[in-house]
Each structure stands twice: as structure tokens, then as C-alpha cells.
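Chemist: First the structure, then my questions, so here it is.
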Amino acid sequence: MLLILVCTFSSCTENKVLLIFNRTKVKNPPLNKPFIYNTKIIVNGNITKDEKKRLTVDLDNYWDDSLKVAKLQKAYFFYTIKDPAVFDSNNIIRTKRIMNAYLNSKGYYYASFKDSVPKFDTLKGSLGLWNLILNSHKTLSNQIRASVIMTINTGKSITINSIAYDLVDSLHNSPKDTVLQELTLQNKHASLLKNGLPYTKEIISNELDRLVTLYRQNGYYKFTRDNIYALVDTTDQKLLTITFDPFEQAKLVLEAAKNRRENPQWNISLKQRANNDSLKLNRFYINKIHYYPETGLTDISDSLIYQNNFKKQYPRTNKNSILYYTEGKFKIKPLLEHTTLIKHDSLYNESRYFKSINALSQIGAWQQVDGKVVTTAKDSLDLYFFLVPAPKQNFTVNLETSINTGGDIATGSNLYGLSTNFSYLNRNIWKQTAQSLTSLRAGIEINTQKIKADTGRSFQLSLSQSYSFPKFIVPISRWAYLNKFENKQTIITANASYTDRKYYYLLRNLSANLGYQGVKDNILVLFKPLNVELYKVDTLDGLINLFRDNPFLRNSFRDGNVVGANLSLSRVFNRKLDNKQQPRESHFVRLALEESGILFPFINLGNKVFDYVKLESDYRFVHKYRKSELASRFYIGTIIPKAGESTPIVKQFFLGGPNSMRAWGMRQLGLGSSITSDTSTSGYTDRYGDFAMEGNLEYRFNIWDFGFVKIGSAFYTDIGNLWSIRKDPANVNGEISLPRFGKDLAIGVGTGLRFDLSSYLIIRLDFAYKVKDPARQSNNGWMSLKNFNWTDIRQNGQQIQNCAFQFGIGLPF
């Protein structure tokens with residue numbers, strides 16, 4: 001404010017004062033000549049708001065190059081225009097022509113353009129605060145800024161009146177091909193063209209592509225887009241009425257003109273072009289399948305086909321699949337199992353062919369997979385697969401660190417975590433393209449809180465071994481339903497871990513499971529029919545003392561075993577708009593079910609088996625804009641133990657930390673609006689529950705691009721909490737209750753910085769404040785603007801921070 005007053009009382013002109021507040025800076029403007037400073041598009045018409053918005057955004061890309069304003073974003077709020085173009089009215093004429101062509105492609109053939117006269121603003125002095133202050137006594141060159149506004153009335157859009165299919169060669173005396181017509185009519189229900197839909201060139205193009213794909217999936221390998229076209233009839237059928245009355249004819253012309261203005265409709269007919277190549281209409285069958293699993297990166301596929309120095313391997317059942325090798329690194333059986341969609345003497349299906357290439361790429365034994373189709377006769381094809389092996393063995397070492405604070409970093413009230421992971425990967429054991437992964441992980445977490453700081457340390461050590469086979473290993477191998485899955489895997493895993501929570505408990509765990517993973521209908525399915533976990537807990541003095549004040553914890557810390565099954569379904573998809581995928585919108589959905597003690601009640605491991613059912617659902621949505629994105633997540637999970645039992649702590653939920661409810665420290669939120677943990681003097685503050693719900697909304701945007709480092713930020717809110725599913729007198733208001741649900745919800749808001757290092761690593765520092773804390777006794781849990789505080793004093797005398805800093809790697813969701 002002081003700087004503004006100084007400029008004002010220094011006899012600054014009104015224009016100079018306005019320059020201070022203008023966020024767009026112009027570098028090297030033309031001297032005393034109008035230049036393009038701003039462009040704007042206004043779309044009018046009887047169309048929806050979404051359609052107006054879409055057209056406005058799209059049309060902004062169709063300005064003539066000389067009318068485009070190249071704005072460079074600086075620090076998100078500020079922009080710079082460098083070397084702007086001199087305004088020329090002829091460029092407006094070209095822009096109208098370009099925009100009109102685009103509107104025609106979208107079905108708007110009667111658009112009108114008005115009020116495109118530019119507005120000129122003259123400002124004295126070059127833009128910039130320092131230039132304004134240092135040169136306030138001088139008269140600088142004028143800036144003549146031209147703002148071009150293009151107002152467009154879309155008029156009536158064309159709609160589709162009728163669709164006809166005529167897929168025969170009309171130049172011959174008899175139809176050349178009737179199978180195409182039959183295929184087309186059989187799949188007419190999948191057509192993108194519907195009566196009454198808006199006509200666009202894009203939808204016509206997509207329909208032609210659909211038909212070509214359909215034909216190539218049914219053996220027509222030689223059929224291309226050039227062999228089919230769409231004939232669009234814009235004639236009003238009433239004009240074809242034969243009449244010799246000139247007045248009647250004039251009436252028909254007037255009616256046709258009125259219909260064209262008020263309800264224009266066109267007829268579409270899809271036809272096949274005449275051609276002299278008979279192979280275009282031949283249906284091809286697969287003859288032989290050739291595999292080259294030892295292809296080098298520099299090898300040329302055509303030369304490999306004609307080399308005679310390869311050794312050959314055939315399957316036992318037939319000689320139509322051949323593996324070519326020199327060193328014998330791979331066997332043919334895994335290759336056959338991932339190309340079951342294509343078989344000898346079956347019709348060529350281009351979709352299945354590319355799915356086979358993708359399935360081979362997903363195995364991991366090869367870093368690159370290419371294919372080639374060769375015509376061997378008038379109706380037969382040979383398929384070739386060239387596979388470049390990936391390095392067989394890989395050893396990695398990862399170091400991870402985390403910082404989680406419930407208050408100001410300077411207070412020292414933090415959790416520091418450090419872990420390292422050693423892993424060894426073998427991508428091709430037993431020459432079966434099976435993978436072996438061995439991992440050793442060690443981690444430590446230190447709590448620097450002053451209250452019993454020596455009790456806030458934990459150490460974890462784990463060793464795991466897993467095998468992944470690129471097929472389903474099942475007793476019923478010929479079950480036809482299994483062939484519908486893609487990217488099939490059988491996963492066998494064993495794990496041993498040791499956790500030392502100093503002063504509280506020692507936890508030892510042995511687990512093993514058998515799982516199957518595959519993709520069906522774009523859904524990733526992970527099924528573990530057998531999952532066995534053995535737990536041994538040694539309670540130490542701190543936990544024994546804690547049981548006296550919190551007896552409800554006793555059942556959670558007990559020996560026991562898990563024997564059951566897991567099922568997880570997940571899918572990533574994009575929303576469709578006008579039969580077109582929207583790549584800027586992505587959705588992720590995951591549903592999971594886990595049980596223990598129900599499917600295998602007869603298994604007796606010598607100790608008690610935990611009986612429970614655990615359900616989880618997770619939905620995530622991301623909408624990308626030009627330089628920002630809106631992301632959201634909703635998660636809900638519950639675990640239901642057998643009547644009279646409690647859930648083991650290793651299976652319960654917890655919230656808080658860098659990826660969940662960021663205004664709270666890790667494991668520091670819940671249960672419900674209970675204050676049991678806040679009144680305890682034991683120093684143990686971890687909270688676990690049977691029911692968790694969380695919703696997150698985050699707006700992410702870029703601030704600055706500095707070389708290979710991109711600096712971004714976000715505004716976000718987290719809403720949720722943790723509950724138990726059963727009422728416990730020792731933990732009042734900790735159970736889920738519908739009347740108290742609104743009171744129990746915790747709300748945090750915050751912002752942060754994200755450092756994106758060449759899109760490989762994102763380092764994140766977030767700050768969040770507790771807007772609503774169910775454990776806060778004043779103001780019904782809500783923060784008070786009048787009595788704003790950074791800390792709260794709880795009933796046990798402990799000082800709780802109302803804010804938190806979180807350090808994380810990667811995005812929170």
C-alpha cells in the first residue's frame with residue numbers, strides 16, 4: 001500500500017497506476033503500432049452450456065497464427081507477452097474461414113460471425129513496476145493494445161435423419177461380397193450413427209473406423225479405410241416431388257428453406273468403393289505362428305525370417321507353431337499360453353493379434369515385442385513375433401525417508417522414518433519366463449516427542465520371496481472360462497517379519513499365499529484362494545500398563561492366525577462423451593473382500609484363527625486442465641469380526657500422515673469423537689479402528705518451470721474419521737453412530753509445494769490445519785476465527801497441535 005501511495009503522489013498518470021495492477025507484461029511491443037494483446041471468443045446459440053464451453057475452448061485454437069497471443073506464465077498469477085505481432089485486419093478474415101471450417105466439421109453449417117471489430121487501448125510507458133518508478137519523469141513510447149472479440153452464433157446444428165448400409169460392389173452385375181453386408185447388419189446395434197444425433201464429420205469418421213475394425217476382426221486383413229466411404233445426402237426429399245404447378249413448386253422450395261433453417265436433417269449412406277484387387281475382399285486364415293524370443297535390439301525382422309542358422313523347437317501337439325533360437329534361453333510353452341487367442345486355421349482377427357503382442361509385453365522377460373504379418377497365399381497368413389529379452393537379473397537398493405509432524409517443525413514434535421529395501425529379481429527362471437523376487441527390508445521410526453520419547457521408537461525387519469508364473473496353475477486347466485482372461489499370472493508369496501515397538505510389544509509374523517491375477521473386460525482381478533498368516537505377540541511392560549487404563553485394547557494385541565481368501569477388483573476408465581473417450585478425465589475404482597475363518601474352518605494351526613470379514617472400496621477421479629488438475633478420492637472400509645471377538649490390530653485401519661487426513665499425524669485421528677486417548681497419561685497415542693471413511697478434494701496447479709524441475713502447489717481438503725463398529729464402555733463415543741456421524745467427522749484444509757523432478761520423482765511438502773477436530777471440546781469441534789489457536793491443551797495436559805507439516809514422496813492419491 002505504501003508503494004502505491006508513493007506512485008500516486010508522484011504525479012503518476014492513471015495509466016501508470018493501472019500498470020502496477022496489470023498482471024500481463026509486454027516485452028518488445030511495436031512502437032506506436034497496434035499489436036495483439038488479447039483475444040476472446042463468445043459463442044451464442046441454442047446449445048447446452050457444456051457444448052458452449054467445449055466450442056469456446058476448441059475455437060480458441062483456430063485463431064490465425066498472427067492473431068494468437070503467446071503468453072508465458074510466470075509464478076502462476078503473472079504472464080508475459082514477448083514480441084507481439086502487429087495487428088492486421090486481414091487476419092480476422094482468415095480466422096473466420098478457419099473457424100467456420102471447424103464448425104462445419106462439428107455439424108454447424110449455418111454459423112454467423114459478428115462484432116469482430118478490435119478494441120484499442122493506449123497506455124503510456126512500458127509495463128513493469130521498476131520501469132515505472134525509475135522512469136516516472138520520462139515520457140515513454142505508447143502501447144496500442146488490440147483486443148479482438150469474435151462473437152459467433154452457431155445457428156442450427158445438422159441432425160441425422162436416416163442411416164443406410166450398402167456394402168456391396170455396385171459396379172459388378174452381381175454383388176461382389178455379401179458377407180460384409182451381413183457383418184454390418186449383425187453389428188448395427190454398435191453403430192455410432194443414430195437417428196436424431198448431431199451430424200459431425202468426426203462421428204462419420206469414427207463410424208468408418210469402427211466398420212474397418214469390425215471387418216479386420218473377421219478375416220478381412222487387406223480391407224482398409226480407403227475401401228469404404230460415406231455418402232451424405234443434403235437434399236430435402238420434398239423437392240423431388242414431381243409437379244408442373246409453378247406455385248406448388250415455389251411452395252415446396254419455401255418449405256425446404258424453412259426446414260433447413262429450423263430443423264436441418266441429412267441422410268447418410270455407407271458404401272463400399274469399387275476396386276479391382278480381389279484380395280481386398282478375401283477372408284484370411286492363420287497358417288503358422290513363428291516366435292523369435294532371442295531377437296537383438298539391432299536385428300532386422302525381415303533378415304531374421306530368411307536366416308537358416310536357427311535351431312527350432314516345436315510343441316508336442318502340432319508343428320504349426322515354431323520357436324527359433326540360438327542359445328536356448330526360453331521354452332515355447334509360455335509363448336503358446338500367451339497367444340491362445342490366435343490359432344492355426346482360425347480367421348485372422350487383428351484385435352486378438354495385437355492383444356497377443358500386449359500379453360507377451362506384460363510378462364517382463366522381454367523389454368520389447370514386435371510383430372509382423374506375412375501373406376503366404378490368397379487366403380492364409382503367417383504371424384511372426386520378435387521378442388527382445390530384458391536383462392535376466394536385477395539388483396536394486398532403495399532408501400526411503402518420511403517426516404510426519406503434528407505441529408510446527410521447530411517444536412520437534414515429529415515422527416522420523418528411515419527404511420532401506422534390498423531386492424533381487426530374476427525375470428526368467430527355469431526358462432519358463434517365470435519371475436522370482438527376493439526382498440529384504442529394514443526400517444526404523446523415531447518419535448522425538450518429549451513425553452516418554454524413549455518409548456516412541458519402532459524397528460521392523462522383513463524378508464519376502466515371491467514367484468510369478470505367466471499362466472494360471474489350476475487343477476482344471478481346460479476350464480474354458482479361464483481363457484477369457486488376459487495377462488494371466490499365478491503368484492506364490494512367502495513372508496517373514498519382525499516388529500519391535502520399544503517398551504510396548506514384539507510382533508513376529510509368518511505368512512504365505514497363493515494368488516491368481518488377470519484382466520477380463522478391462523477389470524484387473526486378483527484372487528487369493530488361500531492366505532495363511534501366523535502372528536505371535538509378546539506384550540511388554542508399557543502395553544501391560546496400557547491395558548489397565550484401556551482394557552478394550554487387550555483383545556487387539558493377542559496371538560492368532562489368519563486363514564482365508566482375498567478378492568480384489570479394480571478398473572481404470574475414461575468417461576465417454578458423444579461416443580468419444582475423454583482422455584482428460586480418468587476414473588479408478590477398486591473393490592476388495594478379505595475373510596478369515598469362514599471358508600477353511602477345518603484348518604487347525606494349533607492356535608486360534610481370527611474370524612472376520614473385511615470390505616474396502618476406493619474411488620478416484622482426476623480431471624486435467626491445461627496447466628492444472630482437479631483430483632478427488634473417496635475411500636470406505638470396514639472389518640467385521642465374529643461376535644464376541646475383536647479385530648487383530650494388524651488388520652485394523654488407521655488414518656493421518658502424508659497420504660491421509662494430512663492435518664493429523666500418522667495414526668493420530670479417531671476414534672469418532674472419543675477423548676479416551678486424550679485423557680490417557682500412558683503416552684501411547686496410536687489409534688486403530690474397524691471402520692474408516694475418508695474423502696479428499698485437491699486442486700493442483702503449476703507455479704514455475706525451472707529447467708527439469710517443475711514447482712507446483714495445491715489447495716486441498718480432507719474429510720473423514722475412524723470408528724469402532726461396536727460400542728465399548730471403555731471408549732465412549734468411539735463407535736460408529738448415525739445420529740452422531742456429522743459431529744464425528746474431522747475436516748482439514750491445507751496447501752503445499754510439489755517439486756516434480758523430470759516427472760520421475762515428486763517431492764511433496766504439505767501444510768494442513770484442523771478446521772474441525774471431533775476431539776476438540778470447544779465450539780463443537782470447529783475452529784474459532786475469533787479465538788484462533790495453533791495449539792489445544794487436552795484433558796491429560798498434553799499440548800496438541802492444530803496444524804501439521806507432512807513430507808511425502810509422490811502424490812497422495
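All of the numbers you see were taken from the coordinates with simple rules; none came from a lab. Owing to the predicted nature of the structure, the values given are computational and were not obtained by experimental measurement. Here the Cβ is made from the backbone with ideal geometry for all residues, glycine too, and neighbour counts use every protein chain on show.
Chemist: Using 7 Å Cα-to-Cβ label points, what is the Ala494/Asp83 separation (nm, one decimal)?
Modeler: Label-label distance for Ala494 and Asp83, simple model: 6.8 nm.
Chemist: Same structure, new question: Holding the Cα-Cα limit at 22 Å, pick out from Lys329/Lys528; Lys27/Lys71; Lys52/Lys201; Lys25/Lys114; Lys280/Lys355; Lys25/Lys627 the pairs that are longer than that.
Modeler: Lys329/Lys528; Lys25/Lys114; Lys280/Lys355
Chemist: Taking the Cα centre as origin and putting +1 on Lys and Arg beta-carbons and -1 on Asp and Glu beta-carbons, what dipole magnitude results for segment 645-802, to the nearest 20 debye?
Modeler: 220 debye
Chemist: Please get the size of the charge dipole for segment 288-357, origin at its Cα centre, with Cβ charges of +1 on Lys and Arg and -1 on Asp and Glu, quoted in debye to the nearest 20.
Modeler: 380 debye
Chemist: Beyond 24 Å between alpha-carbons counts as too far, so tell me which of Lys484/Lys614; Lys536/Lys614; Lys378/Lys488; Lys312/Lys431; Lys333/Lys372 fall in that bin.
Modeler: Lys484/Lys614; Lys378/Lys488
Chemist: Viscosity 1.002 mPa s, temperature 20 °C: Stokes-Einstein D of segment 284-389 from its Kirkwood Cα radius, in µm² per second?
Modeler: Approximately 154 µm²/s, per Stokes-Einstein.
Chemist: For Val374, what charge total do you get from the other residues with a beta carbon under 15 Å from its beta carbon, if Lys and Arg give +1 and Asp and Glu give -1?
Modeler: Its environment carries a net charge of -1.
Chemist: Viscosity 0.890 mPa s, temperature 25 °C: give me the Stokes-Einstein translational D for segment 674-756 in µm²/s, with Rh taken as the Kirkwood radius over C-alpha pairs.
Modeler: 157 µm²/s
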